[in-house]
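Report on one structure; see the data block that follows.
The values are calculated or read from the model by the stated rules, or taken from the named source; none is laboratory data. All values reported here derive from a predicted model rather than from experimental measurement. When we count neighbours, we look across all protein chains shown, and the Cβ atoms used for this are built from the backbone with ideal geometry, even at glycine. Side chains included, ligands, DNA and RNA excluded: accessible areas come from the protein's heavy atoms. Shrake-Rupley method; radii C 1.70, N 1.55, O 1.52, S 1.80 Å.
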Amino acid sequence: MRLERLTARLRPCPAWQAIDLGFALARAWFPALWALWWCTALPLTLMVLALAWLHSDLWLLALWWCKPIYEAPLLLWASRALFDERPRRGALPGMLGAGLRPRLLPLLLWRRLSPRRALVLPLLLLEGLPGRAHRARLRTLAEGSASGWLTLVCYHLEAILWGGMLLGLYLLIPEGLAGIDLVAALDDSASPAYWISSACYLLACSLIAPFYVCAGFALYLTRRTELEGWDIELAFRRAPPPPAAVLPALALLAPLLLAPPPAEAETWPDPEAARARIAEVLDSPEFGTTREVELWLPVTDPAQRGTEDAEDSWAATPPPWLAGTIQWGLVTLAAIALLVLVRALWRERAPRLPRSTRTGHEAASGPHATSPLDHESEIRRLLDADDPGAAIGALYRASLERLDRLGLSLPPGATEGSCVQRASARLPRRIRVPFAAIAAARRHAAYGDRAPSAAHVERLLSHWRRWRGRTGAH
Amino acid sequence: MNRHPREHAEPIDTLRLRETPEGIDLGLRVAGPVPRALALALDFLIRGGLYLLLLPLLALADLGIGLALLAIFAIEWFYPVVFEVWRGATPGKRALGLRVVHEDATPVGLPASTLRNLLRTVDFLPAGYALGLAVSLADRDFRRIGDLAAATLVVHDERPATRRGPASTAGQRPPPEFDAATRAAILAFAERAPALADARRIELAEVLTAPRGVRGTAAPALIADWAAWIDRVTPDGRAA
Amino acid sequence: MRQQRFEHQHTADWTRYRALLEQLEQRRRRGAELAEFPGLHRRLCAHYALAQTRGYTPGLIAELEQLVRRGHAQLHHPRLRLGPRALRLMARDFPRALRRHAAPLWLAAALLFVPMAAMALGAYHDPGLILTLIDAEQLAELEALYDPTRDHPGQVRPADSDLAMFSFYVRNNVGIGFRSFAGGVLFGIGSVVILVFNGLFIGAAAGHLSAIGHGITFWPFVSGHAPFELSAIAICGGAGLLLGKALFAPGRLPRLAALRVNARDALVLVAGAALMLLGAALIEAFWSAGAAPVAVKYAVGAAGWTLLALYIALAGRGDDAS
């Protein structure tokens, strides 16, 4: 067994989570498993059909009873896929016959109705212990595994899918056509409706089977992980080797990796070794000391019950004013709610000012909407105050305002980058180049925390003055 | 041997990691149809019990019928919403250790809970949640239609970790190159060693200790010593 | 940093955090004390991440993870505040959503009202037509309900049964509304079916009752609540169509993402419509069956339609900031 190649993450966990892991496995492998199910089930279906000709109820019962025959190949396939090997095409016939092995006979006879079938299957198929040891092993593995619930729920899931399909067919066929007689589908085994219903049931079985088998397998794996510490082994194997002795360690690890530990490796193919291992496990006195019991306790809701009791205590005849009170209470409540709503609606009413006056570029309008000369003096003041970062900010705002006047609409909150982009798409080169330089300097100052030198701002300012002068003449 | 095409793919798991705004990963274990179906059945019974509690109202003639109808309306549409928003899960889900959360691992709120429970009517179609079952079997996170539309997940509740057994022995310092995962495995080994068979315990321990030259019954003892050392609060070598 | 020092340094934070958590979990919150919780939570998250990367003991990591998990649940615990939420919904979000998704809503209205009108005309001229929808027994019940020769035409009942009728209307109508919304997730089909069927049924009943001379009790009875009930059903169906639209025409988004985006608005529509249905049930139970003169009832009906139109056109046009 090569735990490194595991395609599922195994860890000790509550049974429900193990079942969910099984469902996840089945979902990942669904197409292959489903096809495999039909590979065994279809020949059998036809064979039984020939035997039980015209008795659809017997046909369905026989097929239902033979479920373990189709489930066994699924389990074998899953046990290979878990270790990341997909069986070759040549191995398929052998796998398909897995369900007919003599040791699976109990599953087809007295164990067929066992609620633990999902868990028994991997035990019989992969371990194949003799009677007494098998029972002891099953007891160990089934402890707290919820396998009974799994069988019960999966049985109902099948029924739900079957009912859903049948009802869906019934509802979807228009009335004029020969619809499905639902009563006959459940009742009259000679009617065509019953055959359709049986086929639906078979389909539902095929859809649920991969999930059921994989969930049982996951329960089995999780229990073994818990009992044998697979997850710990995996973590230990992944542990870093001792630094001084990396090479010897590798040499030591290599046989472990390449030739798996004997007792574990031959678990599936060699029942002898497994039997010895199991006996060993079972002999251990500390075995199975931890026990997790899940109880279902009735949920009581005192609050709810309290109000009900209060109402009960009203004798059988309600006072005549009660209904009226409730009615008027309701109407008053509604009236109050309406009033509150009207008040809220009034507050939410549309503003009186036309909206267009309130939009526009915030950086360009508002407190910075000043004349160009003001801008320049402001920038100079900031430069004199030895704050080139603020100066470049002011210059940037001033140039934005200029762009706005040139008819370049800039959305509120536009970034420097998008302003430059818009400018370069619409404006001539002599404007957009200096603007891009200003924007770049501003970006560095604002986000990069690299204020430009005063000389650089001076240069940009003189460019801007020229550009402003020219555009201003328009 | 045919290799799996996704040889280096992530192992199949029901754990989903969600990064919180604070930059840490929270693990969510999505819950599949079996526990959810059982929770639903349990909720169904509880709802039936609530309806039974309404029966005495019928003694109040028309008024009682009116109140009972209102209560039935509330129960049939808002029973799950009330419990999910208030406690994070309906009583049935709580009994099975399930919880409803947004996909980003935050507790479910009123809009999402309302949406997922209104869409229950569609999941129920054509009978007994057949459509919801089919959709949740096909979905990687076992979400039914309501969950898909409302961006919610049904997850297993994380149980509080019970750790830190008594460290009786002084222990021995483990090799420094061991990473966090290995240390965790060492502690897990110490915790679960009593449940393991003797031979298996030694075999398991040797995986770690053999490269360091320790074999046989000394191996589990060495790991137990390491575990005792790790388990104490002071990993820096000073006495606790 | 050594773990011992790390623990020593932060243990005060952790104790404080744990105490706050317990308060929060028991819903004993006091605003001033809890103001520090978010900052504390961020620090705890940082500690957890540090403990992980520095490889501190698994016990400590598990403990911190548990704390952080509980804190995350509390920090993101949604606040309910039903009252303000409902008010905001009706005063702003609902009318805005109505205007934003005019197309599916008009479609839903057409799906409800066109079959209704057609069926009403048909049933008026051919009294047998209604039997294609309901059987004779139900028809007899329906006719008896609006029989003008009854002792109390217009169905004056004791207040007792008014309340029962209110509950019945709430359960029935809101149920129909919710179903016609939910059905939309099946590519809109469910909504279309429920809208058309309800339209046909209501139309048939109206046409048939008018034809056999029961119109003088039927029309005054329905006029009061019809504006709110019918339009709310149409809105629910329209919300369903909005879901269906996300699946048919998701635009630039993947279908699932489109569904989630539309579901958010659709939920606003359904919640608003459910409140409208609640109001309609109040009117239906406590006003429609009352003994007010016919002219007053018609006037109330007309006022209802006018108010509704004004509400849809004008409500919630205020500024976002307000």
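Side notes on the structure shown:
- Size of electric dipole in the protein assembly as shown: Cβ of Lys, Arg +1 and of Asp, Glu -1, about Cα centre, debye, nearest 20: 4000 debye
- Spin-label pair C:Gln26/B:Leu55, simplified geometry with 7 Å Cα→Cβ offset, distance in nm: 3.9 nm
- Between region C:45-59 and region B:141-160, the alpha-carbon center distance in angstrom: 28 Å
- Value of D in µm² per second that Stokes-Einstein yields for region C:153-304, Kirkwood Rh from Cα pairs, at 25 °C (0.890 mPa s): 149 µm²/s
- Dipole-positive endmost among C:Leu269, C:Ser288, C:Pro227 within region C:214-322 (Cβ charges, Cα centre): C:Leu269
- Degrees between helix B:218-231 axis and first principal axis of chain B (Cα, 0 to 90, nearest 10): 60 degrees
- Directionally averaged projected area (the protein assembly as shown, Cα convex hull): 57.7 nm².
- Less than 5 angstrom separates the built amide H of A:Ala8 from those of B:Ile12, all sequence-distant by 5 or more or on a different chain.
- Its DSSP H runs of at least 4 residues, each contributing -39,500 (n - 2.57), put the calculated 222 nm mean residue ellipticity of chain B at -16000 deg cm²/dmol, to the nearest 500.
- Within a Gaussian network of chain B (alpha carbon springs, distance under 10 Å), most fluctuating of B:Glu203, B:Glu19, B:Glu84: B:Glu203
- With Cα atoms, 0 to 90° folded angle of helix C:255-283 axis to chain C main axis: 50 degrees
- Among B:Phe44, B:Ala195, B:Ala180 - extreme Cα towards positive end, dipole of chain B, charges at beta-carbon: B:Ala195
- Heavy-atom surface of the protein assembly as shown, accessible at 1.4 Å and reported per residue (Å²): 47 Å²
- Local net charge near B:Thr114, Cβ-Cβ under 12 Å (Lys/Arg +1, Asp/Glu -1): +3
- Per-residue accessible area (protein heavy atoms, 1.4 Å probe) orders A:Ser409, A:Ser198 as A:Ser409, A:Ser198, starting from the largest.
- FRET efficiency estimate (nearest 0.05) - Cβ-Cβ, B:Leu45 to A:Asp57, R0 25 angstrom: 0.20
- Counted by Cβ distance under 15 Å from C:Ile283, the other residues give a net charge of -2, where Lys and Arg count +1 and Asp and Glu count -1.
- Based on DSSP H segments of at least four residues, each scored -39500 (n - 2.57), chain C has a per-residue ellipticity at 222 nm of -24000 deg cm²/dmol.
- Sites B:Asp104 and C:Arg100, calculated FRET efficiency, Cβ-Cβ separation with R0 25 Å, nearest 0.05: 0.45
- Charge dipole of chain C (Cα centre as origin; +1 on each Lys and Arg Cβ, -1 on each Asp and Glu Cβ, all else neutral): 2180 debye, rounded to the nearest 20.
- Carbon and sulfur %, accessible surface of the protein assembly as shown computed with the full protein complex present, 1.4 Å: 63 percent
- Under the Karplus curve 6.51 cos²θ - 1.76 cosθ + 1.60, θ = phi - 60°, whole-Hz ³J(HN,Hα) for region C:203-214, x wherever Gly or Pro sits: x, 4, 4, 4, x, 5, 5, 5, 5, 8, x, 8
- Positive-pole candidate from B:Trp226, B:Val82, B:Ala105, dipole of chain B, charges at beta carbon: B:Trp226
- Rounded to the nearest 20, the size of the Cβ-charge dipole of chain B about its Cα centre is 460 debye, with Lys and Arg at +1 and Asp and Glu at -1.
- Inter-chain Cβ neighbour average for residues C:174-187, partner chain, 10 Å: 4
- Size check on chain B: the Cα extents along the three principal axes, sorted descending, read 84, 48, 39 Å.
- Taking 7 Å steps out from each Cα toward its Cβ at A:Ala50 and A:Arg2 produces label points 4.3 nm apart.
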